[in-house]
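Engineer: One structure follows; several queries about it will come next.
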Amino acid sequence: MTDRIAIVSFAGRFPGAGADLARFWQNVASAADCSRDVPRGRWALPPDRCTDPRVANPDTVYSTRGYYLDPFDLDLTGLDLDAGVIGALDPLFHLVLDVGNARRRRAREHLPAHRPRQRPVP
């Protein structure tokens with residue numbers, strides 16, 4: 001294969017690192033365990049009311065450990081979106097919008113300024 005690609009930006013939110021990519025790679029390189037117990041208030045029920053050590057017991061979980069993201073402030077900078085509408089969306093949409101917007105901003109930092117195509121003069 002001779003096709004080449006260029007990765008011009010990378011963004012994400014990661015357990016134990018948030019949006020800090022350097023910290024994410026440091027965690028990967030050091031094989032850091034970024035799992036933790038469920039954060040207080042994350043689940044509708046307290047963890048002790050919905051856990052059961054028996055695997056596959058209906059309507060329960062057998063572990064409260066997971067890879068949880070910390071809360072974050074959604075950054076809509078540069079996007080023409082109604083914050084009221086966005087605020088009513090599921091938090092998963094907030095994550096997608098935040099990471100996508102961060103990736104877009106980083107890409108713009110590394111790409112040359114947009115220049116309109118010049119048409120040849122007949």
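Engineer: Out of all the residues in segment 36-66, which are among the charged types (D, E, K, R), surrounded by 10 or more Cβ atoms within 10 Å (Cβ to Cβ) and closer than 25 Å to F14 by Cβ?
Structural biologist: Going through segment 36-66, the residues among the charged types (D, E, K, R) turn out to be 36-37, 40, 42, 48-49, 52, 54, 59, 65.
Among the residues that remain, those that are also surrounded by 10 or more Cβ atoms within 10 Å (Cβ to Cβ) are: 36-37, 42, 52, 65.
Hits for segment 36-66 are R36, D37, R42, R65.
Engineer: Restricting to segment 31-63, name every residue that is of a type in the set (S, T, N, Q), at pLDDT below 90 and closer than 30 Å to G87 by Cβ.
Structural biologist: none
Engineer: Across segment 1-38, what is the total count of residues that are of a type in the set (V, I, T), assigned to a loop (DSSP other than H, G, I, E, B) and closer than 24 Å to L92 by Cβ? Give the derivation first.
Structural biologist: Keep residues of segment 1-38 that are of a type in the set (V, I, T), which gives 2, 5, 7-8, 28, 38.
If we keep only those that are assigned to a loop (DSSP other than H, G, I, E, B) as well, we get 2, 5, 7-8, 38.
Add one more test, that the residue is closer than 24 Å to L92 by Cβ, and what stays is 38.
The number of residues fulfilling the criteria is 1.
Engineer: Here is a follow-up. If you go through segment 50-67 one residue at a time, how many are within 30 Å of A102 (Cβ to Cβ) and either in a loop (DSSP other than H, G, I, E, B) or within 16 Å of the chain's Cα centre (by Cα) (or both)?
Structural biologist: Of segment 50-67, the ones within 30 Å of A102 (Cβ to Cβ) are 64-67.
Restricting the remaining residues to those that are either in a loop (DSSP other than H, G, I, E, B) or within 16 Å of the chain's Cα centre (by Cα) (or both) gives 64, 66-67.
Here the count works out to 3.
Engineer: Return only the number of the condition from (1) among the basic types (K, R); (2) within 16 Å of the chain's Cα centre (by Cα); (3) at pLDDT 90 or above that R106 does not satisfy.
Structural biologist: (3)
Each row is one residue, and each column tells you yes or no for (1) of a type in the set (A, V, I, L, M); (2) farther than 22 Å from A17 by Cβ; (3) assigned to a loop (DSSP other than H, G, I, E, B).
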{"site": "R40", "(1), (2), (3)": "no, no, yes"}
{"site": "D48", "(1), (2), (3)": "no, yes, no"}
{"site": "L69", "(1), (2), (3)": "yes, no, yes"}
{"site": "G78", "(1), (2), (3)": "no, yes, yes"}
{"site": "L92", "(1), (2), (3)": "yes, no, no"}
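Engineer: Restricted to segment 1-30, and to residues that are at pLDDT 95 or above and exposed (fewer than 10 other Cβ atoms within 10 Å of the Cβ), which residue is farthest from R103 (Cα to Cα)?
Structural biologist: S30
Engineer: Any idea which of (1) at pLDDT below 90; (2) surrounded by 10 or more Cβ atoms within 10 Å (Cβ to Cβ); (3) small (G, A, S); (4) more than 11 Å from the chain's Cα centre (by Cα) is the one G87 doesn't satisfy?
Structural biologist: Against the list (1) at pLDDT below 90; (2) surrounded by 10 or more Cβ atoms within 10 Å (Cβ to Cβ); (3) small (G, A, S); (4) more than 11 Å from the chain's Cα centre (by Cα), G87 comes up short only on (2).
The values are calculated or read from the model by the stated rules, or taken from the named source; none is laboratory data. Fair warning: this is a prediction, and the values are worked out from it, not measured in the lab. Methodologically, a virtual Cβ is constructed for each residue, glycine included, from the backbone with ideal geometry; neighbour enumeration extends over all protein chains shown.
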